[in-house]
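Worksheet: one structure, shown below.
The values are calculated or read from the model by the stated rules, or taken from the named source; none is laboratory data. All values reported here derive from a predicted model rather than from experimental measurement. Methodologically, a virtual Cβ is constructed for each residue, glycine included, from the backbone with ideal geometry; neighbour enumeration extends over all protein chains shown.
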Amino acid sequence: MLKATTYADVTRFDLARTLAGKGRYWTTAYLVDGLLIDSGCAFTASELVKWLAGRPLAGVMNTHTHEDHIGANGLLQRERAGLLLHAHPLALPVLANPRGWQPLHPYRRLLWGWPEPSQAEPVSDGEMIETGRYRFRVVYTPGHSPDHVCLYEPEQGWLFTGDLFVGGRDRALREGYDVWAIIASLKRIAALPSQCLFPGSAHVRRNPAGALAAKIDHLEMLGERVLALHRQGRSVDQIVQALLGPPMPIEMITLGHFSRRWLVCSYLAEHTA
């Protein structure tokens, strides 16, 4: 399932596999002046490629290598000879061999599927990616994944955040995420003068400074409370029960891979090593 929405010169694609007649667990890609930022999941790759047919496409920028952001890379490169992909240096082996480098849990295979291999060029922190009308600064933003980057267009104040910022008050985290790195990366992008934030899911935000500050405050305050209880000798499960409310459906769907417990463990990781 694909839905396209236009924001000035930015086209947003909301993409999801259709299950029982509805799109489930949406992801987002953007097209700006011929630059495609992320490419959705494998199950929506053909829809995205069909929508892009006949339109100019200068390149693809992947914010990170999770399967719901790289799913159409391989098909696009097969359809358009010489199409250039850009990604963090750590992303390149994953893109070249997704099955070998990024095994998928059952829920991930069901919702987003296996991406095809693709080839990309590495980008450095602070590098500028230029299109005909715009210049996008690459900003390294690890935490959600080690290879995560954001894109910032300083003249327009556009901020493309991938999955670094999706809004909300987190009560759970996926195994392997680094919450302290997420906080540091959020502070880095919050320092950029931005007029419009385009996330990897959730709604587009105008004048996002307040939303970014609120997210940072929430994560920092939660971290302080987690550490305070840890210093009192509370176990991880006790901290979860004290701070993070009742069990969440996502914990059952992911068989615990995305959970309140992993959020607490991420806060404690550098304090219990």
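Within the stretch 72-92, take every residue that is surrounded by 15 or more Cβ atoms within 10 Å (Cβ to Cβ), more than 24 Å from Asp9 (Cβ to Cβ) and free of Cβ contacts under 8 Å to residues at least 60 places away in the same chain and give me the one that is nearest to the chain's Cα centre (by Cα). Selected residue: Ala91. For the stretch 236-263, a residue qualifies if it is among the hydroxyl-bearing types (Ser, Thr, Tyr) and in contact with a Leu (Cβ under 9 Å, 6 or more places away or on another chain), and exactly one does: Ser259. One residue stands out in the stretch 93-112 among those that are of a type in the set (A, V, I, L, M) and more than 17 Å from the chain's Cα centre (by Cα): the one that is nearest to Leu255 (Cα to Cα), namely Leu110. Restricting attention to the stretch 187-201 and to residues that are among the small types (Gly, Ala, Ser) and modelled with pLDDT of 95 or more, the residue that is surrounded by the fewest Cβ atoms within 10 Å (Cβ to Cβ) turns out to be Ala191.
When each of Pro98, Pro115 is tested for being free of Cβ contacts under 8 Å to residues at least 40 places away in the same chain, in contact with a Pro (Cβ under 7 Å, 6 or more places away or on another chain) and surrounded by 22 or more Cβ atoms within 10 Å (Cβ to Cβ), the lone residue that passes is Pro98. Among the conditions (1) in contact with a strand residue (DSSP E or B) (Cβ under 9 Å, 6 or more places away or on another chain); (2) surrounded by fewer than 19 Cβ atoms within 10 Å (Cβ to Cβ); (3) more than 25 Å from Arg12 (Cβ to Cβ), the only one that Val179 does not satisfy is (2).
From the list Arg206, Arg188, Arg225, the one residue that fits, being more than 28 Å from Leu111 (Cα to Cα) and either among the hydrophobic types (A, V, I, L, M, F, W, C) or more than 22 Å from the chain's Cα centre (by Cα) (or both), is Arg225. The single condition among (1) of a type in the set (A, V, I, L, M); (2) touching a Pro at 6+ places or on another chain (Cβ under 9 Å); (3) part of a helix (DSSP H, G or I) that Ile70 does not satisfy is (3). With the structure loaded, tell me whether Ala16 is assigned to a helix (DSSP H, G or I) and in contact (Cβ under 8 Å) with a residue 24 or more places away in the chain or whether it fails that test. Judged against the criteria, Ala16 is not a match. Would you check if there is a residue in the stretch 133-145 being touching a helix residue (DSSP H, G or I) at 6+ places or on another chain (Cβ under 7 Å) and under 30 Å from Thr18 (Cβ atoms)? Yes - at least one qualifying residue is present in the stretch 133-145. Set side by side, the residues Val204, Val240 differ, and just one is modelled with pLDDT of 95 or more and either of a type in the set (Gly, Ala, Ser) or crowded, with 17+ Cβ neighbours inside 10 Å (or both), which is Val240. Residue selection: His148 fails the criterion of being on the phi < 0 side of the Ramachandran plot and surrounded by fewer than 16 Cβ atoms within 10 Å (Cβ to Cβ). Taking first residues from the stretch 44-69 that are modelled with pLDDT of 95 or more and partners that are acidic (Asp, Glu) and surrounded by fewer than 17 Cβ atoms within 10 Å (Cβ to Cβ), the Cβ contacts under 8 Å between residues at least 6 apart in sequence or on separate chains come to Val49/Glu79. Screening the stretch 251-268 for residues that are in contact (Cβ under 8 Å) with a residue 60 or more places away in the chain and of a type in the set (Val, Ile, Thr) and picking the one that is surrounded by the most Cβ atoms within 10 Å (Cβ to Cβ) gives Thr254. Applying the set (1) under 24 Å from Phe136 (Cα atoms); (2) of a type in the set (A, V, I, L, M, F, W, C); (3) outside any loop (DSSP other than H, G, I, E, B) to Trp26 leaves exactly one unmet item: (1).
Based on what the data block shows, is Met248 closer than 21 Å to Arg174 by Cα and surrounded by fewer than 11 Cβ atoms within 10 Å (Cβ to Cβ)? Taking the combined requirement at face value, the residue does not satisfy it.
Going by what's in this entry, would Ser235 be described as exposed (fewer than 12 other Cβ atoms within 10 Å of the Cβ) and of a type outside the set (A, V, I, L, M, F, W, C)? Answer is yes for this residue.
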